[in-house]
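Below you'll find the structure I mean.
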Amino acid sequence: MSFSYDFDNNKFVFGWKQAGRWKYRRSRISYIPAERNIVGAVPNWLDVDLQENYIKSFIVDWSKARQNYASNQQLPILNLGVGYYYDESRGKDMVDIGDGDPLAFSESSSGLQSLIPMWVYLDYLFDKQYTQKPLSSINAGSENDFVLMNIYATKFKKGVQAKVKSGEAHYEKIGNARLPFVSEESAMDCKRLFDVYTKTAYSDIYLEEPEQNLFPQTQVEMMYDLLRRSSKRGDNIFIATHSPYILYALNNCMMGYLAKDKIPEGAMRKNEASWINPRDVAVWELRDGQLSTSADCVNNTLQDEDGLIRGNYFDRIMHNVMADFTNYATSTRSVG
């Protein structure tokens with residue numbers, strides 16, 4: 001498919017590329033904002049009159065996704081020894097810390113209030129959406145009807161009228177419609193394509209500031225788990241971060257992939273399920289609102305020819321962090 005925007009006529013243009021059109025796989029596009037902890041900070045957020053924007057969209061998705069986790073079906077939160085569940089009878093989000101006295105989510109730490117809304121919705125995207133009733137929108141039914149009729153008219157309608165007149169047409173109920181086809185085989189092919197175009201095959205996830213309020217080691221473990229779980233269905237993750245620890249963890253996983261054939265049999269292969277091909281990763285740096293570039297960049301990324309995040313990037317970050325300490329230490333030695 002292709003997208004473009006005609007600025008002269010203020011018109012959005014969408015078109016199918018005929019090559020590979022019928023090999024399309026539908027993705028679910030989801031945005032997890034930095035403001036996600038509003039669901040813990042504002043107890044009555046369901047009653048708040050919010051603008052129709054990405055924050056409200058996330059809250060609606062979160063409110064539906066959390067219903068998958070009851071007290072006997074808790075979601076473990078990383079390796080922190082805590083579990084999340086939704087107490088439907090009281091309409092309360094709860095955190096089980098293992099001492100027999102669960103906490104109200106709104107009374108948990110800032111780290112958990114940032115992590116749990118993200119992790120609950122990610123678990124839904126990685127797993128539950130394929131086994132549970134999907135989060136449906138008001139327009140989902142009409143959108144699916146439109147998709148069906150577009151597929152039918154483009155690929156299956158030709159020759160149908162003659163079969164209808166001769167009484168040889170095969171009728172099949174697909175979605176909300178009962179349609180005539182030239183053959184049963186043609187009807188089954190249309191049903192298959194309808195499922196492909198309307199059922200999620202993978203997710204495109206836009207994740208903002210996943211490191212919020214988390215200790216460095218927890219950030220690293222979270223990144224390992226995120227890469228591991230997103231690989232199962234080929235999900236695409238787009239991350240906006242200010243944390244070098246997120247990048248360290250990503251670099252570790254890319255290095256593990258590159259070194260996998262050189263690691264001796266039986267040697268520790270920690271987090272192997274999280275290793276990722278650097279060719280599937282792009283890392284950009286924004287500085288003063290623009291992409292940071294330098295002579296040794298590949299495609300304006302921070303990566304070297306092997307796809308790893310360049311060491312001089314981490315050196316620069318650490319140098320900036322340690323600059324005051326170095327200056328003070330140098331001054332102390334000079335005075336002595």
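In segment 248-267, is there at least one residue being touching a helix residue (DSSP H, G or I) at 6+ places or on another chain (Cβ under 8 Å), more than 28 Å from LYS23 (Cα to Cα) and among the acidic types (Asp, Glu)?
No, segment 248-267 contains no residue that is touching a helix residue (DSSP H, G or I) at 6+ places or on another chain (Cβ under 8 Å), more than 28 Å from LYS23 (Cα to Cα) and among the acidic types (Asp, Glu).
Next question, about the same structure. Does ILE246 satisfy the condition of being of a type outside the set (Gly, Ala, Ser), within 18 Å of ALA282 (Cβ to Cβ), buried (at least 19 other Cβ atoms within 10 Å of the Cβ) and touching a residue at least 60 places away in the same chain (Cβ under 8 Å)?
Against the criterion (of a type outside the set (Gly, Ala, Ser), within 18 Å of ALA282 (Cβ to Cβ), buried (at least 19 other Cβ atoms within 10 Å of the Cβ) and touching a residue at least 60 places away in the same chain (Cβ under 8 Å)), ILE246 does not qualify.
Continuing with the same structure: Can you tell me which of PHE194, PHE181 is touching a residue at least 24 places away in the same chain (Cβ under 8 Å), under 16 Å from ALA153 (Cβ atoms) and crowded, with 19+ Cβ neighbours inside 10 Å?
Of the residues listed, the single one that is touching a residue at least 24 places away in the same chain (Cβ under 8 Å), under 16 Å from ALA153 (Cβ atoms) and crowded, with 19+ Cβ neighbours inside 10 Å is PHE181.
Still on this structure: Regarding GLN132, is this residue surrounded by fewer than 19 Cβ atoms within 10 Å (Cβ to Cβ) and in contact (Cβ under 8 Å) with a residue 24 or more places away in the chain?
So GLN132 passes the test.
While we're here: In segment 291-329, which residue that is polar (S, T, N, Q) and loosely packed, with under 10 Cβ neighbours inside 10 Å is modelled with the lowest pLDDT?
ASN299
Continuing with this model, one more query. With the structure loaded, tell me whether ARG233 is out of contact with any strand residue (DSSP E or B) (no Cβ under 7 Å at 6 or more places or on another chain), more than 23 Å from TYR313 (Cβ to Cβ) and in contact (Cβ under 8 Å) with a residue 24 or more places away in the chain or whether it fails that test.
The answer is no for ARG233.
Yes or no, residue by residue, for (1) out of contact with any helix residue (DSSP H, G or I) (no Cβ under 6 Å at 6 or more places or on another chain); (2) surrounded by 16 or more Cβ atoms within 10 Å (Cβ to Cβ); (3) in a helix (DSSP H, G or I):
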position	(1), (2), (3)
LEU214	no, yes, no
THR218	yes, yes, yes
LEU226	yes, yes, yes
ILE239	yes, yes, no
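Which is charged (D, E, K, R) and in a loop (DSSP other than H, G, I, E, B), of LYS232, LYS260, LYS191?
Going through LYS232, LYS260, LYS191 in turn, just one is charged (D, E, K, R) and in a loop (DSSP other than H, G, I, E, B): LYS232.
Next up: Given (1) free of Cβ contacts under 8 Å to residues at least 24 places away in the same chain; (2) surrounded by 13 or more Cβ atoms within 10 Å (Cβ to Cβ); (3) of a type outside the set (A, V, I, L, M), identify the lone condition not met by GLN161.
(2)
Looking for something within 21 Å of PHE126 (Cα to Cα) and in a loop (DSSP other than H, G, I, E, B) - is there at least one such residue anywhere in segment 41-58?
No, segment 41-58 contains no residue that is within 21 Å of PHE126 (Cα to Cα) and in a loop (DSSP other than H, G, I, E, B).
Restricting attention to segment 262-290, which residues are at pLDDT 80 or above and of a type in the set (A, V, I, L, M)? Lay out the reasoning, then the answer.
Looking only at segment 262-290, we keep the residues that are at pLDDT 80 or above, and these are 262-263, 271-290.
Residues satisfying the conditions are ILE263, ALA273, ILE276, VAL281, ALA282, VAL283, LEU286.
The values are calculated or read from the model by the stated rules, or taken from the named source; none is laboratory data. Source: prediction; values computed, not measured. Positions of Cβ are backbone-derived with ideal geometry, glycine not excepted, and every protein chain shown enters the neighbour counts.
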